[in-house]
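Below is one structure, written out as structure tokens; comments come after it.
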Amino acid sequence: MELPTLPPLRFVNAGYSLDEADVAILGVPFDSTVSYRPGARFGPRGIREATWNLEDYILELDVNLATDIKISDCGDVDVIHGNLAKTIDQVETIVSALQKRKLAIGVLGGEHSMTYPVVKALSKKHDFGFIQFDAHFDLRDEYLGEKLSHATVMRRISEIINPENMVQIGIRSASIDEREFADKLGSHIFTMQQIEKLGIYKIAKNAVKIMKNMDFIYVNIDIDVLDPAFAPEVGCPEPGGLTTRQLLDAINVIGKIGIDSFDVVEVSPTYIGGITAVAAARVVFNILGTIAKNKS
Ligand SMILES: [Mn+2]
């Protein structure tokens, strides 16, 4: 007896072709530079799976992902585990090709180093604004002898975009070297302590002000920006972080000025329905919701 052909697991409501799509979802299941808790290679499928639990209609944004935006799931980049250089080339090539179609690109990681080839492909012609949500600066010049890894990714990105167009939100962990480098870099840093003091709305509005004159806005979510109580399944858990609610509020505010492309990285799910993947799916939904709203 022949088995029926089952459809691959894809992002919910993402049945549109690339020709029709407003937004392309792309998985990058790579985690070879992980130094502590492995498993980010399972992030894309974990996030995709978790999207099936969420309502198409987003109550807090009054937008419907099933009708107000056309999503295409491109599947996963054919990564080469253990080969960072080749994988980066693959990601950059695919994102460059997608960019020509003038649609929003949503990347599901994978480890944080995968943000680098995405930004490399997208930042070429734009006045490029970059908003990073993260517990960590990721500004080391090298880590364990490597120039590019999840721990150095923002240093590499700061070398290819204008650091003054960078906003770093939720930071609560750094080496002394990173801290000294960050002091001189010129990026806009909002630590967890500042968020607690001023409130997430004020911080998000500050980010909006900084991004006002950019002609392209990229939002990078390292899911470890959330407190481990809300996102325990990450590569480098760091206590004292955002609540999921605070992160969604920040996205809802920042999304009003128009998010052009985004990624959610460092999700390392170990079972179906885990809160980290569910939180990541919720975050992706709200970003897509703001993109859908700006479209209409
Ligand atoms: Mn991080």
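Bear in mind these aren't lab numbers, they're just calculated from the coordinates by the rules spelled out. On a predicted model such as this, the values are computed, not experimentally measured, just so you know. Cβ atoms come from the backbone with ideal geometry, glycine included; neighbour counts cover every protein chain shown.
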(Q) Per q in 0.11 Å⁻¹, report the Debye log10 I(q)/I(0) for the chain, using one uniform scatterer on each alpha carbon and no solvent. (A) -0.57
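Which net charge results when you count Lys and Arg as +1 and Asp and Glu as -1 among the other residues whose beta-carbon is under 11 Å from that of residue 106?
Numbers: positive: none; negative: 22, 73, 260, 263.
Summing Lys/Arg as +1 and Asp/Glu as -1 gives -4.
Report the relative contact order of the chain, percent, no decimals, based on alpha-carbon pairs under 8 angstrom and at least 6 residues apart.
On the way: 636 pairs, mean separation 68.8, N = 296.
Rounded, it is 23 percent for the chain.
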Q.
Springs between alpha-carbon pairs under 10 angstrom, Gaussian network model over the chain: which of 33, 93, 152 fluctuates most?
A. 93
Q) How would you classify region 142-240 from its alpha-carbon gyration tensor, with a ≥ b ≥ c the square roots of the eigenvalues: rounded for a/c under 1.5, else prolate if a/b is greater than b/c, otherwise oblate? A) oblate
(Q) If I model a spin label at residue 93 and residue 146 as a point 7 Å from the Cα along the Cα→Cβ vector, what separation in nanometres do I get? (A) 2.1
**Q.** Theoretical ellipticity at 222 nm over the chain - DSSP helices of four or more residues, -39500 (n - 2.57) apiece, nearest 500
**A.** -10500 deg cm²/dmol
**Q.** Under 26 Å from residue 120, Cα to Cα: lysines that are on another chain or at least 8 residues apart
**A.** 70, 86, 100, 102, 147, 184, 209, 212, 256, 295
Q) Between region 16-61 and region 170-191, how many Å separate their Cα centres? A) 28
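Among rounded, prolate and oblate, which fits region 25-66 when a ≥ b ≥ c are the square roots of the eigenvalues of its C-alpha gyration tensor, a/c under 1.5 means rounded, and a/b larger than b/c means prolate? Please list the in-between numbers first.
Numbers: a/c = 3.28, a/b = 2.92, b/c = 1.12.
Note, shape of region 25-66 comes out prolate.
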Q) Roughly how many whole Å is it from the C-alpha centroid of region 66-117 to that of region 219-239? A) 21
Q. Which ³J(HN,Hα) values in Hz, rounded to whole numbers, follow from the phi angles of region 275-292 under the Karplus curve 6.51 cos²θ - 1.76 cosθ + 1.60, where θ = phi - 60° and Gly and Pro get x?
A. 5, 5, 5, 5, 4, 5, 4, 4, 5, 4, 4, 5, 4, 4, x, 5, 5, 4
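Once fully extended, how much extra length lies between residue 53 and residue 213, figured as 0.36 nm per residue of separation less the alpha-carbon to alpha-carbon distance? Display every interim value, and only then the final one.
Values: separation 160, 0.36 × 160 = 57.60 nm, distance 3.69 nm.
Difference between extended and current length: 53.9 nm.
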